[in-house]
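Asker: Mind looking over this structure? Questions follow.
The values are calculated or read from the model by the stated rules, or taken from the named source; none is laboratory data. Please read all numbers here as calculations on a predicted model, not as lab measurements. Cβ sites come from the backbone with ideal geometry, for glycine too, and all protein chains shown count toward neighbours.
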Amino acid sequence: MPSDHPPTPADEFEHERVPDRALKGPGSFWGMYAGEHTAGTEFMIGPLFVAYGVGAGDLICGLLLGNLAAVLTWRHLTTPIAMRLRVTLYHKLESICGRRLATLYNFANGLLFCFLAGAMVTVSATAVGVPFPDVRMPGFSDIMPTGAAWSAVVLAIGAAMTWVAVKGYGVVARVANYAAPWMFLVFVACALVTLPKLESHELSAIWTGVPLEGKPKIGFWGVFFFAWFCNAAMHLGMSDLSVLRYARNASSGWAPAAGMFLGHCIAWICASLLYACQLQKFGAGASVAPGPMVYDAVGVAGLICIVIAGWTTANPTIYRAGLAFQGVMPHVSRQAATITAGIVCTIAGLFPAFAMKLLDFVGIYGMVLAPVGAIIVVDIWFARRLGIAVNPALAAGASFNRAAFLAWTLPAALGFWAVRRFEMPLPTYATLPVWIASGLLYIVLSKSIGPKPCIR
Amino acid sequence: MMKATALTLGILCLLGTIVPPALVLAGMMDNAPMKLAMLVSTVVWFVTAPLWMTAR
């Protein structure tokens, strides 16, 4: 699932190149990616594949190839750019887009981070709510809060996560490191325990290929595009410049493979087994709430896993959202900005819609944020050859690059329209065309309305 | 010495997290002791992991 990286390393050298003495070897990245892509929301994504009627062959091939494509994108697109620039995405965006447009991107980024963290709070609440019979667990069709008890649990979790994020993320980052190997094994344990409970072990009886009522059907391409682009903001969108700028060797770019194949491949399959078992037992009315499913499979250890997986991913996300909001409102303190982000995230967590429509939300997240990566690619690799200014906003002293703004927003808006117009099952189908269109449009617009360098 | 003990316990905890479910799959263990073994392994893992991971 889409996760945000603990911002530990990114807190340094925010406005300068990472010096050689601060570079890190590949070992620093493998564990981090493995932990961060095994989040609480993986328990939600696996069942959603089952609900969307993915067949067994489509699921396995789609996950293997889609995650491979994601890793290759990280390795051959994000890492070379990160190593060449060695600055954060925000720093680079300011040079291309200008301060005001970079602020707008920050706001969109912060808001989407909040909704993503909200989905993690929702998933955690299904675990914390298990001991309380008054908590009605949300189902696929639930959009609004399911009751007062549910709301109380979400508010308590949201408040706790916000409080920890305000205090800093050091402890959470350490717990995330400690939890990573154990958490992955709990996912596998869920699958092992679930297998004997299945009424039929035929692959076609587990991943039936038939969607639940009201859900669109996806097959190989749906899984492939989702696996590739669920983290589009991080690789195509260059958000991971903040992390990979520390890479000493290009081989660090292979590290996301740990997160993709352990978290996004094995964990999703394990989580989908849990829901398939529920479906075999209870039919279409089966509960999709991760908490009760995991508790039924492996007991309290599973509930702890969901809470820790959600907490360790949501906390840096809230922290990052706070930083993004602070970028929008520089006069506000970091604590106040983090509390604002925490409140927005908690309110989002009250509404199960974000978790229950996670595949759609993650697609939207990528489509909104990824296009700026295409603009960066053009600026770095093609601008000189095409006669376009490099770092145009910086060179011209502009605070708002209209060419970059239009190249970012028009293809994204067109992508949203196309998803609706052509009834695409998931927004991730449109991510790549939107990204390419952004790059091409930026080239055309830069020549016509882009800021021109000051002549001194 | 402390680090080595913690590391050994940590490895045992990871085994305690995955072996009982495998035994359930093989029909050699019931669900209740499996859940208890996983919970104990979880608690001990989080106690010992900081001792050897931090010292690394």
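Asker: Just one of the numbered conditions (1) of a type in the set (A, V, I, L, M); (2) farther than 22 Å from residue A:229 by Cβ; (3) out of contact with any Leu (no Cβ under 7 Å at 6 or more places or on another chain) is not true of residue A:71; which one?
Answerer: Every condition holds for residue A:71 apart from (2).
Asker: For the range A:13-70, how many residues are touching a helix residue (DSSP H, G or I) at 6+ places or on another chain (Cβ under 9 Å) and at positive phi?
Answerer: 1
Asker: Take the range B:38-56 and flag every residue that is buried (at least 19 other Cβ atoms within 10 Å of the Cβ) and either of a type in the set (Val, Ile, Thr) or within 7 Å of chain A (Cβ to nearest Cβ) (or both).
Answerer: Correct list: B:38, B:39, B:42, B:45, B:48, B:49.
Asker: Also, quick follow-up: So is residue A:203 more than 14 Å from chain B (Cβ to nearest Cβ) and within 22 Å of residue A:429 (Cβ to Cβ) or not?
Answerer: Criteria not met by residue A:203.
Asker: Then there is this: Testing residue A:95 on (1) farther than 30 Å from residue A:442 by Cα; (2) more than 21 Å from the chain's Cα centre (by Cα), one condition comes back false. Which one is that?
Answerer: (1)
Asker: Could you tell me whether residue B:35 is within 9 Å of another protein chain (Cβ to nearest Cβ), over 16 Å from residue A:180 (Cα atoms) and among the basic types (Lys, Arg)?
Answerer: When the stated conditions are applied, residue B:35 passes them.
Asker: Could you tell me whether any residue of the range B:8-20 is more than 7 Å from chain A (Cβ to nearest Cβ) and in contact (Cβ under 8 Å) with a residue 40 or more places away in the chain?
Answerer: Yes, because at least one residue in the range B:8-20 is more than 7 Å from chain A (Cβ to nearest Cβ) and in contact (Cβ under 8 Å) with a residue 40 or more places away in the chain.
Asker: Right, next: Report those helices (runs of 4 or more DSSP H) wholly inside the range A:46-129 carrying at least 2 residues which are touching a strand residue (DSSP E or B) at 6+ places or on another chain (Cβ under 7 Å).
Answerer: A:79-85
Asker: Return yes or no: is residue A:269 surrounded by fewer than 24 Cβ atoms within 10 Å (Cβ to Cβ) and more than 29 Å from residue A:16 (Cα to Cα)?
Answerer: yes
Asker: Quick check on this structure: which one of A:173, A:179, A:156 is crowded, with 23+ Cβ neighbours inside 10 Å and in contact (Cβ under 8 Å) with a residue 24 or more places away in the chain?
Answerer: Exactly one of A:173, A:179, A:156 is crowded, with 23+ Cβ neighbours inside 10 Å and in contact (Cβ under 8 Å) with a residue 24 or more places away in the chain, namely A:179.
Asker: Identify the single condition in (1) at pLDDT below 95; (2) in contact with a Phe, Trp or Tyr (Cβ under 8 Å, 6 or more places away or on another chain) that residue B:14 does not satisfy, given that it satisfies every other one.
Answerer: Failed condition: (1).
Asker: So, one more: Among (1) at positive phi; (2) under 15 Å from the mean Cα position of the chain (by Cα); (3) among the small types (Gly, Ala, Ser), where does residue B:27 come up short?
Answerer: Condition (2) is where residue B:27 drops out.
Asker: Only one of these conditions is not met by residue B:2: (1) in contact with a helix residue (DSSP H, G or I) (Cβ under 7 Å, 6 or more places away or on another chain); (2) surrounded by 15 or more Cβ atoms within 10 Å (Cβ to Cβ). Which number is it?
Answerer: The single condition residue B:2 does not satisfy is (2).
Asker: Now for a different question. Check A:140, A:184 and return the single one that is within 22 Å of residue A:50 (Cα to Cα), within 14 Å of chain B (Cβ to nearest Cβ) and among the aromatic types (Phe, Trp, Tyr).
Answerer: Sole residue among the options that is within 22 Å of residue A:50 (Cα to Cα), within 14 Å of chain B (Cβ to nearest Cβ) and among the aromatic types (Phe, Trp, Tyr): A:184.
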